[in-house]
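Okay, structure first, notes after.
Nothing in this text is a laboratory measurement; each read-out follows from the coordinates by a stated rule. Values in this document were obtained by computation on a predicted structure and should not be read as measured data. Positions of Cβ are generated from backbone atoms using ideal geometry, with glycine treated the same way; all protein chains shown enter the neighbour counts.
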Amino acid sequence: MTENTAKKAGGKRSAAAKRNIRIGFIGSGWISTVHYDSFKAIGNCEVVAQADIDPERSKAFRKDRPIPRYYKNYKAMLKNPDIDVVTVSVPNFMHGPFAIEALNAGKHIIVEKPLCVRLEESEEIAYLAKKNGLVVGYAEELCYIPKFERMKQIADSGALGDVYMVKQCEKHGGPYSPWFWTRDGAGGGILMDMGCHAIEFCRWFMGKKKVKSVMAHCGKFLHTWAEVEDHVILTMEFEDGKLAHIESSWALQGGMTSTAEAYGTKGVAYGDLLSGMGLKVFTPDGYPPMEFNKAQTGGPDSRGWTTPDYEWLWNNGYPQEMADFLDCIRTGSKPVESAAEGDAVLEIMLAAYHSAGTGRRVQLPFRPAGVERPIDLWLNPRSDI
């Protein structure tokens, strides 16, 4: 258990913490496999149902995962009284509608990032969660990663002095599923995919201070055929004048990077998520992933030089975030990453697209009504907001 989950649990992990929570999945994609393996890793929970409109895709997902119930229609699954919490792991444009229906059905929810694509949906999610006494887990794993948690502990101790700027950079060659490249499916490009990680990491690292302004630049450099941007640079100014600098990209050739930096008046800290744990391997043919988690480094991606993690799931924070969400369901407390965080990130992304579209710094709060896709503020800048 990391500091985040330990703080949330405190002395509450008694009989309530032992209650077996029953989970229903919506979706069968790669992130669903990560969620499933994370629940398996933490225990005291059970995946009892899955919904997917594609029976063959669901069958393939459940081949190595014993899930007793399958639903072709997720609405039918929501009627199952044996389900406590639903995970929403589907394309971005479905996050809001599916989350709202689950909350209306009385289910706690865990929603993959981004929380949704429309501010109206974000506000409805927060309203229903409060009205029905339900927990919303916003799946932002960067705030649960042990390396980054330790970096934040050192900064919070005062060892770096007054931290005046934090940076987060995450890049690779592009996503794995076609819907990521579409305006309708994703609502935006790299900003919606990985920029949201960086935004929330910086907010979390700086104590979730209010963001005062946003300045951003979006571009299409490597994937010029795509409907969405593949590179974004973003600067956030907090209410006290301190800064966050973000760079996220699908235009990186030759692998993936994910790094964080914190600059203070007395010192500096650098964090590298993907630099490995002291293990370095070269093989021309690659090697299999660890049996417990197929999502980590292994297979064709492990050809050549690699720095494999000892345990991919825990090093990337996924079981820790799921443990936090389930503990909060048991105890009625608020997760480290909740609906409020998802709403704040969405607002900042809207401001970033508007800044990129107009070439101007955008002041917050920024809550324009009627924006169907955040990226539209970049592709078709509006003069009325």
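Counted residue by residue at 0.36 nm each, then reduced by the alpha carbon distance between them, the extension gain from Lys130 to Thr358 reaches 78.5 nm.
What's the ranking of 349-360, 175-186 by average number of surrounding C-beta atoms within 10 Å, highest first? Each step should come with its number before you reach the end.
Working: 349-360: 22.3, 175-186: 15.9.
Averaged packing, sorted descending, gives the order 349-360, 175-186.
In sequence order, the stretch 233-241 has phi-based couplings of 10, 9, 10, 10, 10, 7, 4, 9, x Hz under the Karplus curve 6.51 cos²θ - 1.76 cosθ + 1.60, θ = phi - 60°, and Gly or Pro positions carry x. Spin-label model, Asp54/Glu123: points 7 Å from Cα along the beta carbon direction are separated by 3.6 nm. If R0 is taken as 30 Å, the Cβ-Cβ distance between Ser177 and Arg22 corresponds to a FRET efficiency of 0.60. A convex hull fitted to the Cα coordinates of the stretch 25-140 yields 98 cubic angstrom per residue. All C-alpha to C-alpha distances of the stretch 230-280, sorted into 10 Å bins beginning at zero, yield P(r) values of 18, 41, 31, 10, 0 percent in whole numbers.
Average 1/r across all pairs of distinct alpha carbons in the chain, invert it, and you get the Kirkwood radius: 21.4 Å.
Just the number, please: Stokes-Einstein D of the stretch 118-235 in µm²/s, Kirkwood Rh from C-alpha pairs, 20 °C, 1.002 mPa s. Don't skip to the answer; put the middle values down first.
Values: Rh = 16.7 Å.
Calculated translational D: 129 µm²/s.
When you count the other C-beta atoms within 10 angstrom of each residue and take the mean per peptide, 241-252, 135-146, 119-130 line up highest first as 135-146, 241-252, 119-130.
Amide H contacts of Gly189 (H built 1.01 Å from N, in plane; Pro and chain starts excluded): Glu229 sit under 5 Å, all sequence-distant by 5 or more or on other chains.
Count the net charge of all other residues whose Cβ sits under 9 Å from the Cβ of Val166, scoring Lys and Arg as +1 and Asp and Glu as -1.
Working: positive: Lys167, Lys242; negative: Glu261.
Summing Lys and Arg as +1 and Asp and Glu as -1 gives +1.
For the pair Lys75 and Lys210, label points projected 7 Å from Cα toward Cβ lie 4.1 nm apart. Label reach from His217 (point 7 Å along Cα→C-beta): in the stretch 240-264, no amide nitrogen lies under 11 Å.
Would you mind working out the magnitude of the charge dipole of the stretch 144-318 relative to its Cα centre, with +1 at each Lys and Arg C-beta and -1 at each Asp and Glu C-beta, to the nearest 20 Debye? If you can, show how the numbers build up before the last one.
Numbers: 17 positive and 21 negative charges, 75 e Å.
So the magnitude is around 360 debye.
Full extension of the chain segment joining Trp30 with Ala159 gains 42.6 nm, where the gain is 0.36 nm per residue of separation less the Cα-Cα distance.
Say a paramagnetic label sat at a point 7 Å from the Cα of Asp240, along Cα to Cβ; which residues of the stretch 188-216 have their backbone N under 19 Å from it? Label zone hits: 200-214.
Working value for the stretch 144-318: equivalent-ellipsoid semi-axes of 28, 24, 13 Å, each the square root of 5 times a Cα gyration tensor eigenvalue, largest first.
Rounded to 0.05, the FRET efficiency of the Thr307 and Glu227 pair, given R0 = 35 Å and the Cβ-Cβ distance, is 0.55.
Lys72 sits among other residues whose Cβ lies under 15 Å from its own Cβ, and their net charge, with Lys and Arg +1 and Asp and Glu -1, is +3. Using a simple spin-label model with pseudo-atoms 7 Å out from Cα toward Cβ, Ile385 and Thr259 lie 3.4 nm apart. Remark: the stretch 87-99, residue by residue, has Karplus-estimated 3J(HN,Hα) of 9, 10, 10, 9, x, 3, 5, 8, 4, x, x, 5, 5 Hz, where x stands for each Gly or Pro and the curve is 6.51 cos²θ - 1.76 cosθ + 1.60 at θ = phi - 60°.
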